[in-house]
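Engineer: Have a look at this one.
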């Protein structure tokens, strides 16, 4: 299987959201990436359940929902009912991580854990076998358009080693600062899913950019 591309809808035009959802539908993208921010876990607020429902109503591809919120376990069923197909929660926000991952799976979603830039991959040793994916933040969460953190490459390699050592089936997802310039190196290091926001939606030809990211 080649790597997947998941355009981040946080960078879409919310004045004409349906148009950008249909653009992704008609592209070679694989997933929609939706960033949910609460203004507490991260210093910004994005969108919530109503927007997810609106996107789900016209999306023809899975919704990859990334929760940047405190106590994410409170809302697992709500996000399932809103249309999430994949739900990722932050290691740093989850006191009872194993329980939350089990609940996500029990709701019929794929379950993932997100690591902030400062969090080492070895914290996942005891749970990696239970995960469908691990999302590595390659910028500090909370804002779009940030510079890519170079240590991400080393982090991917370490995570790939952990996945191999434990026979985990977890995919590696990269979110933040993904561009046409670094996409190939990310894939070569072991990334399975590339999330791209500004790179896609600030381009004059987003469909072409998505195709180029798929070919990285």
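Engineer: For the residues 85, 20, what sequence is obtained by ranking on other C-beta atoms within 10 Å, fewest first?
Structural biologist: Values: 85 17, 20 21.
By the 10 Å Cβ count, ascending: 85, 20.
Engineer: Take every Cα pair under 8 Å in the chain that's 6+ residues apart, average their separations, divide by the length, and report that relative contact order as a whole percent. Let's see the in-between values first.
Structural biologist: On the way: 428 pairs, mean separation 47.0, N = 216.
The normalised contact order for the chain reaches 22 percent.
Engineer: Using only the Cα atoms of region 125-200, what are the Rg and Dmax in Å?
Structural biologist: 12.3, 36
Engineer: When DSSP assigns beta bridges and you keep just the ones with both residues in region 4-214, what percent turn out antiparallel, to the nearest 5?
Structural biologist: Details: 1 of 33 bridges.
That works out to approximately 5 percent antiparallel.
Engineer: What value, in deg cm²/dmol to 500, does the helix sum -39500 (n - 2.57) over DSSP H runs of n ≥ 4 give at 222 nm once divided by the residues of the chain? Intermediate results must be reported in sequence, preceding the final value.
Structural biologist: Working: 8 runs with 71 residues, N = 216.
One gets -9000 deg cm²/dmol as the mean residue ellipticity at 222 nm.
Engineer: Next up: What nm distance separates the two modelled labels at residue 71 and residue 157, each placed 7 Å from Cα along Cα→Cβ?
Structural biologist: 4.2 nm
Engineer: Determine, from the Cβ-Cβ distance of residue 95 and residue 129 and an R0 of 22 Å, the FRET efficiency 1/(1 + (r/R0)^6), rounded to the nearest 0.05.
Structural biologist: On the way: r = 20 Å, r/R0 = 0.93.
Between residue 95 and residue 129 the formula returns 0.60.
Engineer: While we're on this one: So the label point goes 7 Å from the Cα of residue 78 along Cα→C-beta, right? Which residues of region 28-50 then have their backbone N under 11 Å from it?
Structural biologist: Residues passing the 11 Å test: 48-50.
Engineer: Calculated FRET efficiency, residue 122 and residue 184, Cβ-Cβ r, R0 25 Å, to nearest 0.05? Before the final figure, lay out the partial values.
Structural biologist: Values: r = 27 Å, r/R0 = 1.08.
The value I calculate is 0.40.
Engineer: Another question about this same structure. Taking just the alpha-carbon atoms of the chain, what radius of gyration and Dmax come out, in angstrom?
Structural biologist: 15.8, 46
Any read-out appearing in this document is the output of simple, stated calculations on the displayed coordinates, not a laboratory observation. Because the structure is predicted, anything quoted here is derived from the model rather than measured. Ideal geometry is used to build each Cβ from the backbone, glycine not excepted, and the neighbour counts take in all protein chains shown.
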